[in-house]
Amino acid sequence: MSMKKSDREIVFNKYGGRCAYCGCELEKGWHVDEIEPIQRKYKWVGNNYYSKETGEVATEEDVKDFHFLENFEWKPRRKVTDGFVHPERLHIDNQNPACASCNINKHSMSLEQFRKSIQGFMKHLNEVSTQYKIAKRYGLITETNIEVKFYFERLKS
């Protein structure tokens with residue numbers, strides 16, 4: 001999905017060059033996030049020879065051709081994007097600037113699902129991370145039970 005440079009600039013400037021979620025300054029490689037997710041659809045393609053000119057799958061006749069290997073290339077099986085579940089959501093009003101970390105963690109969650117996921121990080125760290133538990137015992141980490149409020153929400157209040 002490509003986006004016009006001018007639209008990308010509008011999204012970048014929505015929150016002064018900051019991530020709409022955590023509020024960090026956006027760096028090179030920042031992402032455009034769909035607030036209400038679009039959810040990509042995928043399909044499997046490949047494991048076949050494809051024409052270098054047209055991209056079509058080789059037929060039995062093609063394989064018999066003397067110049068077969070010159071004109072076709074092998075492509076292994078792979079997953080490719082095949083449209084979107086909610087293409088109507090692909091518009092600038094539904095897009096936020098996001099740091100790579102927030103966007104990757106948000107994935108295709110709604111805002112409330114993402115909020116709940118972040119709220120659960122501390123519980124997860126306490127269950128599985130020895131380093132986190134030690135740092136907490138030494139007073140390097142202080143846990144709070146504050147509500148997760150996104151940067152763009154804090155700006156509005």
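The values are calculated or read from the model by the stated rules, or taken from the named source; none is laboratory data. Keep in mind that this is a model prediction, so the values were computed, not measured. In this analysis, Cβ positions are derived from the backbone assuming ideal geometry, glycine residues included, and neighbour counts consider all displayed protein chains. Accessible surface areas use protein heavy atoms only, side chains included; no ligands, DNA or RNA. Shrake-Rupley method; radii C 1.70, N 1.55, O 1.52, S 1.80 Å.
Figures for the structure shown
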| quantity | calculated |
| --- | --- |
| Computed over the chain, the ratio Rg/Rh where both radii use C-alpha atoms and Rh is Kirkwood | 1.17 |
| Tail fraction, Cα-Cα pairs, region 1-91, threshold 18 Å, whole percent | 64 |
| Accessible surface of region 100-145 [probe 1.4 Å, protein heavy atoms]: carbon and sulfur percent | 57 |
| Most fluctuating residue given options Gly17, Gly55, Gly83, as computed from a GNM of the chain linking Cα atoms under 10 Å | Gly55 |
| Set Lys43/Lys106; Lys5/Lys79; Lys75/Lys106; Lys14/Lys106; Lys5/Lys75 screened for pairs whose C-alpha atoms are more than 25 Å apart | Lys5/Lys79; Lys75/Lys106; Lys5/Lys75 |
| Stretch gain in nm, segment Arg78-Ile35, where the contour uses 0.36 nm per residue and the Cα spacing is subtracted | 12.7 nm |
| Average accessible surface area per residue within the chain, 1.4 Å rolling probe, Å² | 72 |
| Cut-off under 5 Å, modelled amide H: who pairs with Leu26 long-range | Arg18, Cys19 |
| Relative packing of 29-40, 57-68, which averages over residues the other C-beta atoms within 10 Å, highest first | 29-40, 57-68 |
| Label-point separation, Thr54 to Gln113 (7 Å along Cα→Cβ), nm | 4.1 |
| The chain: most fluctuating residue of Asn96, Asn13, Asn47 per GNM, C-alpha cutoff 10 Å | Asn47 |
| Estimated Rh, region 108-157: Kirkwood, alpha-carbon pairs, angstrom | 12.6 |
| Charge dipole magnitude, Cβ of K and R +1, D and E -1 - the chain, Cα centre, debye nearest 20 | 1000 |
